1. Multiply the residue separation of Asp15 and Asn43 by 0.36 nm, subtract the distance between their alpha-carbon atoms, and state the gained length in nm to one decimal.
2. Provide the per residue accessible area, probe 1.4 Å, for the chain, rounded to a whole number of square angstrom.
3. What is the spin-label model distance, in nm, from Glu66 to Ser106 if the labels are put 7 Å beyond Cα along the C-beta direction?
4. Return the calculated 222 nm mean residue ellipticity for the chain, to the nearest 500 deg cm²/dmol, obtained by summing -39500 (n - 2.57) across DSSP H runs with n ≥ 4 and dividing by the residue count.
5. Around Thr77, which amide H atoms from residues at least 5 apart in sequence, or from another chain, sit under 5 Å from its own amide H, with H modelled in the peptide plane?
6. For Met32, what accessible area in Å² do you get when you roll a 1.4 Å probe over the heavy atoms of the protein chains, rounding to the nearest 10?
7. Count charges around Val50 for me, please; just the other residues with Cβ under 14 Å from its Cβ, Lys/Arg as +1, Asp/Glu as -1.
Amino acid sequence: MKIFELKNKALNSRDGEYIIGFEETKSHACYMIYGILRPGEKNRVIKPGVGHEEIVLIVKGDVEVEGYYSGTLKEGTAFHIVGDHECFLENKGMSDAIYVIAGGHSEGGHH
């Protein structure tokens, strides 16, 4: 069994996200994204893409969402998004916001 260190990899990435996917698991069945939004950061796009679905969970902080879904997501809340629908995340808070995205292939969407 492999353990994945996500927080520091997300903190050190260019875009504030770390994806566990095929490169780590050798599986196309699912993936997971750990993301960090800095205070004041906005326009982080959430767009699964054709043949994919994602559940976006806010783990820490409150996040403003615009697009396919619009509103404020409180810590511990989530939404489901499919295909080419897109949303943009914004952190209006004073500390980092953290989210996790669990994704996989839609019916007939496997590569």
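The values are calculated or read from the model by the stated rules, or taken from the named source; none is laboratory data. Nothing here was measured: the structure is a model prediction, and the numbers come from that model. Cβ coordinates were reconstructed from backbone atoms using ideal geometry, including for glycine residues, and neighbour counts include every protein chain displayed. Keep in mind that these areas ignore ligands, DNA and RNA; they rest on the heavy atoms of the full protein, side chains included. Shrake-Rupley method; radii C 1.70, N 1.55, O 1.52, S 1.80 Å.
1. 8.9 nm
2. 60 Å²
3. 2.5 nm
4. -1500 deg cm²/dmol
5. Those qualifying (amide H under 5 Å, at least 5 residues apart or on another chain) are Ile58.
6. Answer for Met32: close to 70 Å² accessible.
7. -4
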